[in-house]
Every structure is written in C-alpha cells, then in structure tokens.
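**Student:** Pasting a structure below so you can have a look.
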Amino acid sequence: MSGLVLAAAVLVASLALTYFFCLRPMRRGRCAMAPKAQADGHFAAPVDREAEIARLRDEIAAL
C-alpha cells in the first residue's frame, strides 16, 4: 500500500510542477520557447534560414 501512496504522491508532485513551471507561464505569454517581443511590442523578424544554413556550412568548413 505504501508503494501506491508513494507513486501517487510522485504523480501529483510532477503534475503540480509541470503546471507551475510550464503551463502557467505559457498561458501568461512568458514561455521560454515563445518568441520575445521587442520594446515596441513587435516580435523580432524571423531568421532567413537559407542564409543561416550557408553561414553554418561556412563555419563547419572552416573548422
């Protein structure tokens, strides 16, 4: 019985921590994975993927 109680406590703790550190910030718009807004309220322009790939290939070739 104590094994079941321990498993239930771990489950509840993991759900609470996931909500507190992941879901709640996402709902408030402060998720670390979300794009950051600049001071004027606009989001940063997306990175040109082709230029980034070319830059990384040049960097790898240099190494």
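What follows is calculated from the coordinates using simple rules that are stated; it is not laboratory data. Computed from a predicted model, the values in this text were never measured in an experiment. So basically every Cβ, Gly included, is an ideal-geometry build from the backbone, and we count neighbours across all protein chains shown.
**Student:** Can you compute the modelled spin-label distance between Arg49 and Arg24, with each label point 7 Å from Cα toward Cβ, in nm?
**Tutor:** 3.6 nm
**Student:** To the nearest 0.05, what FRET efficiency results for Ala61 and Leu17 with a Förster distance of 30 Å applied to their C-beta separation? Could you put the intermediate results ahead of the total?
**Tutor:** Values: r = 44 Å, r/R0 = 1.46.
Once rounded, the FRET efficiency stands at 0.10.
**Student:** Another question, then. Which whole-Hz ³J(HN,Hα) couplings does the stretch 7-19 yield from phi under the Karplus relation 6.51 cos²θ - 1.76 cosθ + 1.60, θ = phi - 60°, glycine and proline marked x?
**Tutor:** My calculation for the stretch 7-19 gives 5, 5, 5, 5, 4, 5, 5, 5, 5, 5, 5, 4, 5 Hz in order.
**Student:** If we count every other residue with Cβ under 13 angstrom of Tyr19's Cβ, Lys/Arg +1 and Asp/Glu -1, where does the sum land?
**Tutor:** Details: positive: Arg24, Arg27, Arg28; negative: none.
After counting each charged neighbour, the total is +3.
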